[in-house]
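Structure, as structure tokens:
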Amino acid sequence: MPPLRPARLRRAVPTLLLLLVAPAPALAQMRGHGGPVRALAVTQDGRTAISGSFDQSAILWSLDDGTARQVLRFHEGAVNAVAALPDGRFATGGEDGRIALWQPGGTAPVRVFSEHRGPVAGLAVSPDGRSLASASWDETVRVRPLAGGEGETFEGHKGNVNAVAFLPGGRLVSAGYDATLRIWPRPGEPDPPRVVTLSSPLNAAAAAPDGEIVAAGADSTVRILRPDGSPRAGVELGPSPVIALALSPDGRRIAAATVAGAVAVIDRAEARVLFNLVGPGLPVWSLAFRSDGELVTGGGDRLLRRWDMRGGTPIGSLAMGRPPDELARFAGDRGAEVFKACAACHSLTPEGGNRAGPTLSGVFGRRIATAEGYNFSEALRKLDIVWNAETIARLFEVGPARYTPGTKMPEQTVGSAADREALVRFLEKATRQP
């Protein structure tokens, strides 16, 4: 029903589905997600990618021909983080706080980690491939041996931890909303972490092969720090926050993506922008280098795109168009204006399908938590609500936390009774099925 923001989604029934799509031409854009592409990782051989989306799924892709191999559905909520392991396995981390370990071709996760008490925002694999680290909005960083055994928890951040990376030698670095970057001792070492306080909340971090650290966040500045955490350089991109970073395998280039959709490619040694990637203007949520010469991006248009790093040109057709605007035919309708906040996560028609939230097509007269193909929490499944003009208006009047306990959406209301009425009238006509 109401808008479901990224990183505010919860648990789902485990299932693994094959994506049946016609083969795409080599070098074409990769299309398959129903929502923005939140996370990306590429295997060391550069042949396979895994992507995570706000639509609650992860997809395994063949980068050689641009086709989807599998759709993985396990998390109830956005898949915020993914990682490719050296042995061919993959890891996914979700807003539900769980981390799933996948074997390619398997029918379910081979292992699930459930230690976190908040959304998982970042994953990293140790240089030797034996450990998996995670960053979470529960203010912790955790590292666990993939072969089994006790893991370790690192505490100290005073807010959401948004990113984690392994430094050469096995130490961890994490970055969070509290504007701190923390360099942690190796597991088992008693030393305190080195805390570097910066001037802005941090959304992303990456570690270079020589130990330098790159971090960026709300103030649009990409910061390059020495291995001890002392600042070496800064590159201002402005004005939009940086939400994703990636380092080329050789560590020479930084790719930095912003909410506005710009991607800057930076020479790390010289701390200068080499060129910018020009896309459709929607947020670029994720980045991964396929090689020193090729970058893969995932964005708000639900596509994966490939870029030639020799000059920042797209590989294949760029297809600058945005997703179809379902609201164009309702221009001037006040209810449609109110609904705009929901449009990124909810479609209105059967063709639009489920996105981060379920489709609203046919919502009037539908029992809560019964939209086909969408994974709802158990708490919602137990509620006795049928969506109609009265219940929808009440939802936005009192807020989801009170009216639908266990919902995946953030707390919000529509304070104006006239706006609520306009929204209900709009939904009644826009979601009516033929």
In region 252-267, anything under 23 Å from the mean Cα position of the chain (by Cα) and farther than 20 Å from N162 by Cα is listed as R253, A262, A264, V265, I266
Residues that are assigned to a loop (DSSP other than H, G, I, E, B) and either under 26 Å from V284 (Cα atoms) or modelled with pLDDT of 95 or more (or both): does region 185-199 have at least one?
yes
Select from region 43-75 the residues that are over 14 Å from P104 (Cα atoms) and within 17 Å of the chain's Cα centre (by Cα) and write down the one among them that is surrounded by the fewest Cβ atoms within 10 Å (Cβ to Cβ).
F74
What pairs come up if the first residue lies in region 261-277 and is touching a residue at least 60 places away in the same chain (Cβ under 8 Å), the second is in a loop (DSSP other than H, G, I, E, B), and their beta carbons are under 8 Å apart, counting only those six or more places apart or on different chains?
R268/A208; R268/E212; R268/G251; R268/R252
Considering only region 222-231, I want to know if a residue exists there that is among the β-branched types (V, I, T), assigned by TED's automatic domain parsing to the domain that holds A39, assigned to a strand (DSSP E or B) and over 22 Å from N80 (Cβ atoms).
yes
Which ones in region 280-316 are buried (at least 24 other Cβ atoms within 10 Å of the Cβ) and more than 17 Å from the chain's Cα centre (by Cα)?
L295, W307
Check region 142-153 and report whether any residue there is part of a strand (DSSP E or B) and under 24 Å from P231 (Cβ atoms).
no
If a residue has to be under 16 Å from T180 (Cα atoms), hydroxyl-bearing (S, T, Y) and modelled with pLDDT under 95 to count, how many in region 214-244 make the cut?
1
Considering only residues that are more than 16 Å from L360 (Cβ to Cβ), assigned to a helix (DSSP H, G or I) and touching a Phe, Trp or Tyr at 6+ places or on another chain (Cβ under 7 Å), which ones fall in region 381-419?
R394
Out of all the residues in region 207-216, which are on the phi < 0 side of the Ramachandran plot and either in a loop (DSSP other than H, G, I, E, B) or small (G, A, S) (or both)?
A207, A208, P209, D210, E212, A215, A216
Starting from region 368-393, take each residue that is closer than 18 Å to F54 by Cβ and touching a residue at least 60 places away in the same chain (Cβ under 8 Å) and list its partners that are loosely packed, with under 12 Cβ neighbours inside 10 Å and among the β-branched types (V, I, T), counting only C-beta distances under 6 angstrom and pairs at least six apart or across chains.
N375/V13
Residue among S230, S248 that is surrounded by 15 or more Cβ atoms within 10 Å (Cβ to Cβ) and of a type in the set (S, T, Y):
S248
Identify all residues within region 347-367 that are hydrophobic (A, V, I, L, M, F, W, C) and over 26 Å from the mean Cα position of the chain (by Cα); write none if there are none.
V363, F364
Candidates P227, P190, P249, filtered to the one that is of a type outside the set (A, V, I, L, M, F, W, C) and touching a residue at least 60 places away in the same chain (Cβ under 8 Å)
P227
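The values are calculated or read from the model by the stated rules, or taken from the named source; none is laboratory data. This one's a predicted model, so the numbers in the text were calculated from it and none came from an experiment. Ideal geometry is used to build each Cβ from the backbone, glycine not excepted, and the neighbour counts take in all protein chains shown.
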